[in-house]
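Below: one structure, written as structure tokens.
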Amino acid sequence: MSFIILIAAAVGIVWGAIYLRRGSLVAGAVAFLLSAAALGHDLWHLPLGPLPLTIDRLLIAGLAIVFVVHWRLGKADTKPLEKVDLLLAAFLLLLTISTFTSNWRVSLPGYISPLWRLIVGYLMPATLYWIVRQSPLSEKTLRRTCGVMFAFGAYLAITGLLEIAGQWSLVFPRYIADPQVGEHFGRARGPMVNSVSYGLMLSVCMLCGWTVWPKLSRGLQLASLLLAPVFLASLFFSYTRSVWLGTALAALVIAAVALRGRVRTVVLGGAVLSGLMIAVVLGSSILAFNRNDNSAAETGQSVTMRSSFAHVSWLMFQDRPLLGFGFGQFPKEKLPYLGDRSTALQLEKLRPYVHHNTYLSLLTETGAVGLALFTMILAFWIKNGLSLARCEQAPPWARRWGILSLGVLAIYATQALFHELTYTPLDTSLVFFFAGITAGLQPLVLSGKALAAGESTPRFPAQNPRLAPCGSP
């Protein structure tokens, strides 16, 4: 084993040296995302104190070093700071202070340490955001990014269907077939071994396919059409309602921004009407359906538990409204509130669980200040995506990226309502990655640098009623 590690290290050093000089920072960021999804802790890790060494953590550390080298050599594309960057810095500072002024060494059986959550849930994604924001961006780079993401999504979709069919010999990595690894065995969960992360990544990859569609050859467009039912079936077999809702909301957002006139009215009206009919006819079935990994009663119970989380969060917020109980402290600080008998909710059932809502988790741990900073960051990212999508100076590929970023934010925001997404590096890193590139594109579009090769003027006339000066929401 030591010999294999030495060989791998030697190969890594050689390729690392090549990448250090010639590699693309955006490509390295995509490699980090894919490794966080498919090459994480369950595939390989090396125990190293409180934060085990994994492939994705090696990659983000290496990427940070490469960024510094590129910056020193003048190969990075430095952009000026924006308000959202200052808000993000303030948010990270608040999380860090909150962590170390609380009992950051707290260790409860089955829970993740606050320091681990801080690093993996926020600091690593923020590093990724900053790197891609300051990277050279072009149509070719982003087209390749979306193409790689869509291809990875095809792998995830096929893997999910193989899981449901029980064809374990065709599933890779092999640990996916182990019911003792991860969560949600019996549902499509992919190499993340978690149906929430699986559904989030798969839906984002599907949106990337829409973005790159106009540049595909006829054959690849046909292949993409054939893959569409596979993507949708795999999303369904994740048996995760928040994934379904997030994907549907992303489709509505993209249609609302990309379409125009009567077509947009008809599509959005039909979608809303269809959603209402599904809610009326199948509402109770959706709330309590029989997943492969538990009963319909247990699925329905997961809905009522979220009311219990909201109740406990409200009680905790009332006691410490401004700065909360300290980042990472919810698993411990919630315990005294589980004995509240003023409600019919069964609060004791929350004892073994982490929070199931990213927003309420921040509210209890960092108070109104932390939640306000986080929501303002999301609001600015939405504004960035919308202004880029409607910018009269932007070439079509940049506008499509703006629309894509809005779809990704819709998926993420929905998942955050139903799950705490900061326990793995993947979920938060996804939205930070897309937001970082969108923020990096804004100044390029304003300066005209984002025009496609050979263009000297914007493709869209200023009088187009759908478009506005770049920077306008």
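Bear in mind these aren't lab numbers, they're just calculated from the coordinates by the rules spelled out. Note that the structure is a prediction, hence the values are computed from the model and not measured. Because the Cβ atoms are built from the backbone with ideal geometry, glycine has one as well, and the counts that use them run over all protein chains shown.
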Candidate lysines - alpha carbon under 25 Å from K140, same-chain residues fewer than 8 apart omitted:
K75, K79, K215, K383, K449
What nm value, rounded to one decimal, do you get for the distance between L170 and S447 when each label is placed 7 Å out toward the C-beta?
5.0
Amide H proximity to H419 below 5 Å, modelled H, separation 5+ or other chain, gives T358
Hey, which lysines would be in cross-link range of K349, C-alpha to C-alpha under 20 Å, not counting anything within fewer than 8 residues on its own chain?
K332, K334
How large is ³J(HN,Hα), in whole Hz, for each residue of segment 342-357 in order, when computed from phi with the Karplus curve 6.51 cos²θ - 1.76 cosθ + 1.60 and θ = phi - 60°, using x for Gly and Pro?
7, 10, 7, 5, 8, 5, 4, 5, 7, 3, x, 10, 7, 5, 10, 7
What full-extension length gain, to one decimal in nm, is calculated for V106 and W44 as 0.36 nm per residue of separation minus the Cα-Cα distance?
19.7 nm
Using modelled amide H (1.01 Å from N, peptide plane; none on Pro or chain starts), what sits under 5 Å from the amide H of C391, excluding residues fewer than 5 places away?
A468
Burial ranking of peptide ranges 338-346, 198-206 (average Cβ count within 10 Å, highest at the top)
198-206, 338-346
Inter-label distance for L322 and K349, nm, one decimal - labels placed 7 Å from Cα along Cα-to-Cβ:
3.7
Scan around L53 for amide H atoms under 5 Å from its own, H built in the peptide plane at 1.01 Å from N, and keep only partners 5 or more places away or cross-chain.
L46, L48
Extension reserve of the R262-L81 stretch, reckoned as 0.36 nm per residue once the Cα distance is removed
61.2 nm
To the nearest 20 debye, what charge dipole does segment 59-141 have about its Cα centre, counting +1 at the Cβ of each Lys and Arg and -1 at the Cβ of each Asp and Glu?
120
Given charges of +1 on the Cβ of Lys and Arg and -1 on the Cβ of Asp and Glu, with all other atoms neutral, how large is the dipole of segment 329-458 about its Cα centre, in debye to the nearest 20?
100
Let me understand segment 70-160 better: what is its radius of gyration from the alpha carbons, and its Dmax, in angstrom?
18.1, 48
Taking θ = phi - 60°, what integer Hz values does the Karplus form 6.51 cos²θ - 1.76 cosθ + 1.60 yield along segment 193-202, in sequence order, with x for Gly and Pro?
6, 7, 5, 5, 4, 4, x, 4, 5, 5
The exposure ranking of D77, D56, fewest beta-carbon neighbours within 10 Å first, is D77, D56
Here, trypsin sites (Lys or Arg not before Pro) of segment 92-157 satisfying both criteria (DSSP loop; at most 15 other Cβ within 10 Å) are R105
Kindly write out, for segment 375-382 in residue order, the coupling ³J(HN,Hα) from the Karplus curve 6.51 cos²θ - 1.76 cosθ + 1.60 (θ = phi - 60°), rounded to whole Hz, with x marking Gly and Pro.
5, 5, 4, 4, 5, 5, 5, 5
